[in-house]
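Just below is one structure, and these are the notes that go with it.
The values are calculated or read from the model by the stated rules, or taken from the named source; none is laboratory data. Not measured: the values here are computed from a predicted model. Don't worry about glycine lacking a Cβ; one is built from the backbone with ideal geometry, like all the others, and counts go over all protein chains shown.
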Amino acid sequence: MLPELPFRSRRSPVVCLHGCVASSQPLASVIGTDILKKGGNAADAAVAVAAALNVTEPCSTGVGGDSFCLYYDARTGHVRGLNGSGRSARAQSLHLLESLGFSKGSPPPPFHALNITVPGAAACWCDTVRLFGSQKLSMADILEPACDLARQGFPVAEVTAFQWAKWTKAMRDAGRELGGDFLPNQQPPKHGQVITNPGLAQTFQEMAHRGKAGFYEGRVAEAVVNVIQENGGVLSLEDLKNHTSTEITPIYTDYKTVRLWEVPPNGQGMAALIALNIVENFPIKGMDHNSADYLHLLVEAFKLSLADATHFNADPAQVEVPLEGLLAKDYSQQRAQLIHMDRARAVKEAGIPRGSDTVYFCVVDGEGNACSFINSNYQGFGTGLVPHGCGFSLHNRGAFFSLDPSHANCMGPEKRPYQTLIPALLTEAASGRLLCSLGVMGAFMQPQGHIQVLLNMLEFGMDPQRALDAPRVFVQYDEAAQQWTVNLESGIEEDVAKELRGRGHVLRWPVEGHERAQFGRGQVISVGAWWDPGAAPSSDPHVPRVLWAGSDPRADGCAVGY
């Protein structure tokens, strides 16, 4: 019997002057601030946090998965980004899957080795430091704290222990035993149990000394390919050696006075931007927070944006995605006209635009740079396959491919799948000044979480911690039942749930305990109290810059500043 999770958080926002890190694990947050104090910048600290989270939260993230990064350069005021997602094997094709008995109606099981695309995180970490780092610290300096943590051990946190057990059971139920040393005495660790991972420390040491080649060539690469091919996958040493991250041009939309930045396809950042554009057509100021009208509007906007994202989002190197049309304000006005405030929309239908488990964390440094970073194995430990002696599991992001030959996101060789991973940044639309780094992990919850947390701050005047604490809504589409389901978190009033049911929504309410994980786990670091109309302008040179940070109570983590 897995334990319930009492929701007993009452946190103040963290306020500090110099630098701040917010992540889902306190040990990782502390490691990030230590890197800042040693002279590293936001990018250096983000990679140190990513490595530390691989140690402390392997049931969510790791170097065997993918990552994305948005970076705000305080010196230039520019937002830059990296797509650190991997591609499918060169030998992977629909024909291959069909010859193995798989089809659109019967895809490979989630934990199958055929779902392993090239793990992109290792290259993304190295490229983040190379492109955005301070150049004051080496990769060895940045990875050393995580190496120490893996060798010396760490006590497993409460939510992590639950997720570790949950995904161990899910894999066992599917006939897969979690590999490596992740199950001491053949059982998932308990809350507070100390765990070491010397294999992961060795992997990090090889990356520290050889950079990307320490992962994509040599011992680690051979171990990765061996375990994949032993379990029916087709990824090769050549696939690993040829992998590259991609520097991206972030996409954005303006909402009133702010500009929300997201990653472009194959990431689903456009889902957040489309939803925000739709919401802009309605008088939110006249609605109460989490009222029936407000939640109905969000739900209907999310349905429309997710329908577009799941239809159009794919690898832009192989498929043309009509981004300009999808993000156009006149397109959002057309989509907004499909929303009726008295009744729910039942269909999932993309528009026609003109010519579309995870950890999130963020860092703001003393110079005003910000790094918004997300890293994931996809489903818990991913496939649960652990390369011999390497200490990390291999993700299963390829399970997101469609096996429908007519779909934009159809499986194909050397192709990136639809990625749910999206970090975000917020700037002032007029000046380009950084307002905050934010993100909410959790598959299709991510764009929905971005919009809810942003509106909590901008429209309802909440500080970062209150914005993360507030109960959320999560909309998901059940393909088998051909219907939308609206999940309402405990804390949303019963009368609101009844009203939404009356408008035709299929509801799950109240969602409590560990089930709250579906609403994501977010982090926010804000520069100044821009959400408070009574606060002094952060741009005033006579007012000290104050960082305000919040960390999601649905996770084990915290924000740490100095």
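Which condition number does THR33 fail, the rest of (1) part of a helix (DSSP H, G or I); (2) closer than 19 Å to THR358 by Cβ; (3) among the polar types (S, T, N, Q) being met?
Of everything listed in (1) part of a helix (DSSP H, G or I); (2) closer than 19 Å to THR358 by Cβ; (3) among the polar types (S, T, N, Q), THR33 misses just condition (2).
I'd like to know if segment 293-308 contains one or more residues that are more than 26 Å from the chain's Cα centre (by Cα) and buried (at least 22 other Cβ atoms within 10 Å of the Cβ).
We begin by selecting, within segment 293-308, every residue more than 26 Å from the chain's Cα centre (by Cα); these are 293.
Narrowing further to those that are buried (at least 22 other Cβ atoms within 10 Å of the Cβ): none.
The answer is no; no qualifying residue exists.
Evaluate segment 311-322: report whether one residue or more is under 30 Å from GLU493 (Cβ atoms), among the β-branched types (Val, Ile, Thr), outside any helix (DSSP H, G or I) and at pLDDT below 95.
So in segment 311-322, the residues under 30 Å from GLU493 (Cβ atoms) come out as none.
Among the residues of segment 311-322, not one is under 30 Å from GLU493 (Cβ atoms), among the β-branched types (Val, Ile, Thr), outside any helix (DSSP H, G or I) and at pLDDT below 95, which makes the answer no.
Let me confirm something: among ALA157, ALA170, ALA146, which residue is under 20 Å from PHE373 (Cβ atoms) and in contact with a Phe, Trp or Tyr (Cβ under 9 Å, 6 or more places away or on another chain)?
ALA146
Would you be able to tell me the number of residues in segment 431-444 that are modelled with pLDDT under 95 and farther than 17 Å from ALA549 by Cα?
The total comes to 3.
Report whether or not THR420 is more than 30 Å from ARG151 (Cα to Cα) and at pLDDT below 95.
The answer is yes for THR420.
Can you tell me which residues in segment 471-509 are surrounded by fewer than 18 Cβ atoms within 10 Å (Cβ to Cβ), out of contact with any strand residue (DSSP E or B) (no Cβ under 7 Å at 6 or more places or on another chain) and not in a strand (DSSP E or B)?
Correct list: GLU479, ALA480, ALA481, GLN482, GLY491, GLU493, GLU494, ASP495, LYS498, GLU499, GLY502.
Out of the residues in segment 28-41 that are buried (at least 24 other Cβ atoms within 10 Å of the Cβ) and in contact with a Leu (Cβ under 8 Å, 6 or more places away or on another chain), state the one that is farthest from PHE154 (Cα to Cα).
Among those that are buried (at least 24 other Cβ atoms within 10 Å of the Cβ) and in contact with a Leu (Cβ under 8 Å, 6 or more places away or on another chain), it is GLY40.
When you go through (1) crowded, with 19+ Cβ neighbours inside 10 Å; (2) in contact with a strand residue (DSSP E or B) (Cβ under 8 Å, 6 or more places away or on another chain) one by one for LYS415, which number turns out not to apply?
Condition (2) is where LYS415 drops out.
Could you tell me whether any residue of segment 152-167 is in a strand (DSSP E or B), of a type outside the set (A, V, I, L, M, F, W, C), in contact with a Gly (Cβ under 7 Å, 6 or more places away or on another chain) and surrounded by fewer than 21 Cβ atoms within 10 Å (Cβ to Cβ)?
Yes.
Out of the residues in segment 385-411 meeting the condition of being at pLDDT below 95, assigned to a loop (DSSP other than H, G, I, E, B) and of a type in the set (Gly, Ala, Ser), tell me which one is farthest from SER67 (Cα to Cα).
Checking each candidate, the answer is SER406.
Which of the residues belonging to segment 510-526 are on the phi > 0 side of the Ramachandran plot and buried (at least 18 other Cβ atoms within 10 Å of the Cβ)? Walk me through how you get there before you give the answer.
Our first condition is that a residue be on the phi > 0 side of the Ramachandran plot; within segment 510-526, this holds for 513, 520.
Passing the criteria: only GLY520.
Do we find that VAL220 is out of contact with any His (no Cβ under 8 Å at 6 or more places or on another chain), of a type in the set (Val, Ile, Thr) and exposed (fewer than 13 other Cβ atoms within 10 Å of the Cβ) in this structure?
Considered against the rule, which asks whether it is out of contact with any His (no Cβ under 8 Å at 6 or more places or on another chain), of a type in the set (Val, Ile, Thr) and exposed (fewer than 13 other Cβ atoms within 10 Å of the Cβ), VAL220 comes out as no.
In segment 171-210, which residues are farther than 16 Å from CYS390 by Cα and in contact with a Lys or Arg (Cβ under 9 Å, 6 or more places away or on another chain)?
Across segment 171-210, the qualifying residue is only PRO188.
Confirm whether GLN523 is under 28 Å from the mean Cα position of the chain (by Cα) and at pLDDT below 95.
Details: under 28 Å from the mean Cα position of the chain (by Cα): yes; at pLDDT below 95: no.
Here the answer is no, as GLN523 does not meet what is asked.
Mind listing just one residue for me: the one in segment 256-277 that is among the β-branched types (Val, Ile, Thr) and buried (at least 24 other Cβ atoms within 10 Å of the Cβ) and, of those, nearest to the chain's Cα centre (by Cα)?
My answer is VAL263.
For segment 419-441, enumerate the residues that are crowded, with 22+ Cβ neighbours inside 10 Å and assigned to a loop (DSSP other than H, G, I, E, B).
Once the filter is applied, which keeps residues that are crowded, with 22+ Cβ neighbours inside 10 Å and assigned to a loop (DSSP other than H, G, I, E, B), segment 419-441 yields THR420, LEU421, ILE422, PRO423, MET441.
Which of (1) over 19 Å from ALA146 (Cβ atoms); (2) more than 26 Å from the chain's Cα centre (by Cα) does GLN202 not meet, given it meets every other one?
Answer for GLN202: the failing condition is (1).
Take GLU280 and decide whether it is modelled with pLDDT of 95 or more, acidic (Asp, Glu) and crowded, with 18+ Cβ neighbours inside 10 Å. I'd like the intermediate steps shown before the answer.
Details: modelled with pLDDT of 95 or more: yes; acidic (Asp, Glu): yes; crowded, with 18+ Cβ neighbours inside 10 Å: no.
Answer is no for this residue.
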